[in-house]
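**Student:** Dumping the structure here so I can ask a few things about it.
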Amino acid sequence: DVAIGYIANDRLYTELNRFFKGDITDEVLLRCLSALDLGKQYVAITQKACDKISIIRENEIPGLELKILQQKSVERRVESNTLAKEIEREYRRIGKYFDEILRGE
């Protein structure tokens, strides 16, 4: 009734694409994904689950707070990009590339 999984963001898709294109190894991919700390999401996938959900409260985010949250989002994106680049440098020649895995190497 409910699916629980990690949140997918742009960084996740970027790293997966880089792996499939052969730009990074599986080791770099795994370490980058582990470092993202994306958090979990819960998705109600059946009517039964949807019927059990109730909204406790709704809060409007004031303009200034919204701008602060948007800025924090930008900062986190920059931090994750920097971290991914550091991981790529550190583990550059460790692991296998996607085409090597497909060939069974």
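The values are calculated or read from the model by the stated rules, or taken from the named source; none is laboratory data. All values reported here derive from a predicted model rather than from experimental measurement. Virtual Cβ from ideal backbone geometry, glycine too; neighbours counted across all protein chains shown. All accessible areas refer to the heavy atoms of the entire protein, side chains included, with ligands and DNA or RNA removed. Shrake-Rupley method; radii C 1.70, N 1.55, O 1.52, S 1.80 Å.
**Student:** Quick one: ranking Ile7, Ile56, Ile68, Ile94 by accessible area, 1.4 Å probe, largest first, what do you get?
**Tutor:** Per-residue accessible area, sorted high to low, gives Ile56, Ile68, Ile94, Ile7.
**Student:** On to the next question. Can you compute 3J(HN,Hα) from phi for each residue in region 72-77, using the Karplus curve 6.51 cos²θ - 1.76 cosθ + 1.60 with θ = phi - 60°, rounded to whole Hz and x for Gly and Pro?
**Tutor:** 4, 4, 5, 4, 5, 5
**Student:** Per DSSP helix of 4 or more residues, -39500 (n - 2.57); summed, then divided by the residues of the chain. What does that give at 222 nm, rounded to the nearest 500?
**Tutor:** Value at 222 nm, helices only, nearest 500: -18000 deg cm²/dmol.
**Student:** What figure in square angstrom, to the nearest 10, would you give for the accessible area of Leu36 with a 1.4 Å probe?
**Tutor:** Result for Leu36: roughly 20 Å² accessible.
**Student:** Expressed in nm to one decimal, what extension gain is obtained for the pair Glu75 and Arg92 from 0.36 nm per residue of sequence separation less their Cα-Cα distance?
**Tutor:** 3.6 nm
**Student:** Something else now. Amide H of Lys96: which non-local residues (sequence gap of 5 or more, or other chain) have their own amide H closer than 5 Å, using H built in the peptide plane?
**Tutor:** Here Asp26, Glu27 satisfy the definition.
**Student:** If you don't mind, another one. Give the Kirkwood hydrodynamic radius (Å, one decimal) of the chain, defined as one over the mean of 1/r across all pairs of different Cα atoms.
**Tutor:** 16.6 Å
**Student:** Using DSSP to define loop residues, name the trypsin sites (Lys or Arg not before Pro) in region 41-77 whose beta-carbon has at most 10 other beta-carbon atoms within 10 Å.
**Tutor:** Answer in residue order: Arg57.
**Student:** Of Ile87, Ile55, Ile24, which has the largest mean-square fluctuation in a 10 Å C-alpha GNM of the chain?
**Tutor:** Ile55
**Student:** Follow-up. Could you order Ser73, Ser80 so the one with the most accessible surface comes first? Probe is 1.4 Å.
**Tutor:** Ranking Ser73, Ser80 by accessible area, largest first, yields Ser73, Ser80.
**Student:** With every protein chain present, what accessible area does Phe98 have (1.4 Å probe, heavy atoms only), rounded to the nearest 10 Å²?
**Tutor:** 60 Å²
**Student:** When the accessible area of the chain is computed with all protein chains present and a 1.4 Å probe, what percentage of it is carbon and sulfur?
**Tutor:** Heavy-atom surface of the chain belonging to carbon and sulfur, 1.4 Å probe: 53 percent.
**Student:** Tell me the label-point distance for the pair Lys40, Ile4, using the 7 Å Cα-to-Cβ offset, in nm and rounded to one decimal.
**Tutor:** Here the modelled spin labels are 0.3 nm apart.
**Student:** Select from region 22-104 those GluC sites (Glu not before Pro) which occupy a DSSP coil region and have at most 13 other Cβ atoms within 10 Å, ordered by residue number.
**Tutor:** Counting only loop positions with at most 13 other Cβ atoms within 10 Å, the GluC sites (Glu not before Pro) in region 22-104 are Glu58, Glu60.
**Student:** How long are the three semi-axes of the equivalent ellipsoid of region 1-63, in whole Å, if each is the root of 5 times an eigenvalue of the C-alpha gyration tensor, listed from largest down?
**Tutor:** Equivalent ellipsoid semi-axes, largest first: 33, 17, 9 Å.
**Student:** Helix 10-21 against the longest principal axis of the chain: what's the angle in degrees, Cα atoms only, rounded to the nearest 10?
**Tutor:** 30 degrees
**Student:** Turning to a different aspect of this structure: Obtain the nm distance between the two label points defined at Asp23 and Lys52 by a simple spin-label model: each point lies 7 Å from its Cα along the Cα-to-C-beta direction.
**Tutor:** 4.1 nm
**Student:** Leaving out ligands and nucleic acids, note down the accessible area per residue over the chain with a 1.4 angstrom probe, in whole Å².
**Tutor:** Per residue, the chain has an accessible area of 81 Å².
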